[in-house]
Amino acid sequence: MDETRSSVRRIIKAVCILDGAYDRFSRELGIKGNLLWLLYALDDGNFHSQKQICEDWFFHKTTINTLIKQCQAEGYVTLRAIPGQKRELHIQLTDAGRRYVRQMLKSVYEAEDAALQTTLQTCPPEFIAHLETFVKHLKETFTNYTTKEEQT
């Protein structure tokens, strides 16, 4: 196996393990992995649209729609019209939603903080930006390949 293939395999394996660790931890918290990610996305205090969350977090529209409806029914989020937009709505945590998120994500944030502090003892903080750059380029490359195949 050449060096490039080996490097990419290591990255992809690490990403799969990362995803699996969050999925396993979310199950231990008693929630679905996708719900964990939605709560995580909403926990920055800003308004978000469903479209924005799908683009930023790479969610499927049907998945996010189902989760938002569930959270709305449980009183965790509110939906408000976006001025000038017919179909897009702002999604924001309610007070009950913020309490729920704090409870659900407290141990997640603590674990992340501990892991990052340990990592930063041996890796420069720029490793995060480098990983983001790789992911951006890979996503663009995949998009280019699927676009080329659709044209042929």
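The values are calculated or read from the model by the stated rules, or taken from the named source; none is laboratory data. Owing to the predicted nature of the structure, the values given are computational and were not obtained by experimental measurement. Don't worry about glycine lacking a Cβ; one is built from the backbone with ideal geometry, like all the others, and counts go over all protein chains shown. For the accessible areas, the whole protein counts, side chains as well, though only heavy atoms, and no ligand, DNA or RNA atoms are used. Shrake-Rupley method; radii C 1.70, N 1.55, O 1.52, S 1.80 Å.
What to note about this one:
- Dipole magnitude (debye, nearest 20) for the chain, charges at Cβ of Lys, Arg, Asp, Glu: 500
- When nucleic acids and ligands are ignored and a 1.4 Å probe is applied, Ile11 ends up with an accessible area of around 50 Å².
- Degrees, to the nearest 10: 61-73 long Cα axis against longest axis of the chain: 40
- Put His48, His90 in order of accessible area, highest first, and with a 1.4 Å probe you get His90, His48.
- In this entry, the chain is assigned a mean projected area of 12.5 nm², taken as a quarter of its C-alpha convex hull surface.
- Folded to 0 to 90 degrees: helix 3-29 orientation relative to the chain principal axis, Cα: 30
- C-alpha long axis of helix 126-151 to longest principal axis of the chain, angle in °: 90
- For His48, the amide hydrogen comes within under 5 Å of the amide hydrogens of Ile91, counting only partners 5 or more places away or on other chains and with H modelled in the peptide plane.
- Checking every one of the GluC sites (Glu not before Pro) in region 72-148 against DSSP loop status and a limit of 15 other Cβ atoms within 10 Å picks out Glu74, Glu88.
- Phi-derived couplings, Karplus 6.51 cos²θ - 1.76 cosθ + 1.60 at θ = phi - 60°, listed residue by residue for region 75-86: x, 8, 9, 10, 10, 10, 4, 9, x, x, 10, 7 Hz, with x used for Gly and Pro.
- Exposed loop sites here mean trypsin sites (Lys or Arg not before Pro) with a DSSP loop assignment and at most 11 other beta-carbon atoms within 10 Å; the chain contains its longest site-free run at 1-85.
- Thr62 sits with roughly 100 Å² accessible to a 1.4 Å probe, with DNA, RNA and ligands left out of the calculation.
- Separation of alpha-carbon centers, region 22-71 and region 106-152, rounded to whole Å: 18
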